[in-house]
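Here the structure is laid out as structure tokens; the discussion comes afterwards.
None of the figures in this text is laboratory data; all of them are computed from the coordinates on show. Only a predicted model underlies this, so the values are computations on that prediction, with no experimental measurement involved. Positions of Cβ are generated from backbone atoms using ideal geometry, with glycine treated the same way; all protein chains shown enter the neighbour counts.
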Amino acid sequence: MNKSIKLNSGNIINIRKNIDNQKKNYWKIIRAENVMSNKAIKAGMGSGKDLKALYNEIMQMSEKLVYIKGMLFYLNMGITTFNKEEFKKTNNYSIFMACEMKEAIAQLKMIPTLDPKLKSAKGLKNIGKKEIFTSAKIAALIKDLQLKANKYDAELEKFNSSTEIDITSCGEEFKDMLVA
């Protein structure tokens, strides 16, 4: 049986801030350390962290962040219970997931890599640098994230085109603003 916990908006906001800060820190480490000279590595520079593990943690944090945002959304709507599985069926889940995927794509595009032409011309051993995420690996990660973002965008488009609201108390005010 799942245990239930109670959080107030202050708790949830602090969790969100902590996750945001950790993600930013991890992305900074990945950008700074993806390409390092052999000399810097031998000198013990860098964090010594496994960059692929950091990327995986970032993606896990992104998913947690979606639920945190959902909890805050619910509280702001006056809803005081949160069910993860039910939330996953909502358009807000799709909105938040699409945003997280697109943010990860933007971050991946900022990671420096070695020039593939230089690597093939000189050979990796002769460059004197090491890279963890190659340009090809980053391109593959971006493609995967873009496909996920496309899925969430399609869910949003479906929601936006098929969901209506019945306005009973002030409908006439907006009638002249409708675009056919």
Q.
Which of V35, V66 has the fewest other C-beta atoms within 10 Å, and how do the rest follow up to the most?
A. V35, V66
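For a protection proxy built on the mean count of beta-carbon atoms within 10 angstrom, sort 16-28, 156-168 highest first, please.
On the way: 16-28: 14.8, 156-168: 9.2.
Ranking, from highest mean packing down: 16-28, 156-168.
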Q: Rounded to the nearest 10 degrees, what's the angle between the helix 91-109 long axis and the longest principal axis of the chain, both from Cα atoms, 0 to 90?
A: 20
Q: In nm, give the distance between the simple-model label positions of M77 and I41, each being 7 Å from the Cα along the Cα-to-Cβ direction.
A: 5.0
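Given the rule -39500 (n - 2.57) for each run of at least 4 DSSP H residues, summed and divided by the residues of the chain, what is its mean residue ellipticity at 222 nm, to the nearest 500 deg cm²/dmol?
Result for the chain: -22000 deg cm²/dmol, rounded to the nearest 500.
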Q. Around F133, with a cut-off of 15 angstrom between Cβ atoms, what is the net charge of the other residues, counting Lys and Arg +1 and Asp and Glu -1?
A. +4
(Q) I'm a student and want to see the number: the projected area of the Cα convex hull of segment 50-102, averaged over all directions, in nm². (A) 3.9
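Find how much the distance from A136 to N91 grows on full extension, using 0.36 nm per residue of separation minus their present alpha carbon separation; answer in nm with one decimal.
12.9 nm
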**Q.** Mean separation of Cα contacts under 8 Å (6+ apart) over length of the chain, as relative contact order %
**A.** 28
Q: Please report the base-10 log of the normalised intensity I(q)/I(0) for the chain, using a Debye sum with one equal scatterer per alpha carbon and no solvent, at each q in 0.14, 0.17, 0.18 (1/Å).
A: -0.91, -1.13, -1.20
Q) If you line up the long axis of helix 51-76 against the longest principal axis of the chain, both from Cα atoms, how many degrees apart are they, to the nearest 10? A) 10
Q: Calculate how steeply helix 9-33 sits against the longest principal axis of the alpha-carbon atoms of the chain, using the helix alpha-carbon long axis, and give the answer as 0 to 90 degrees to the nearest 10.
A: 30
**Q.** Residues of type aspartates and glutamates that K42 reaches as a straight line, Cα spacing below 20 Å, ignoring anything fewer than 8 places off in the same chain
**A.** E33, D50, E131
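If R₀ is 25 angstrom, what is the calculated FRET efficiency for the pair M59 and N11, using the beta carbon separation as r and rounding to 0.05?
Details: r = 24 Å, r/R0 = 0.95.
So the FRET efficiency works out to roughly 0.60.
For the chain, with only Lys/Arg (+1) and Asp/Glu (-1) charged at the beta-carbon, what is the dipole magnitude about the Cα centre, in debye rounded to 20?
It comes to approximately 1640 debye.
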Q | Inter-label distance, nm, simple model (7 Å from Cα along the C-beta direction), L124/S169 | A | 6.5
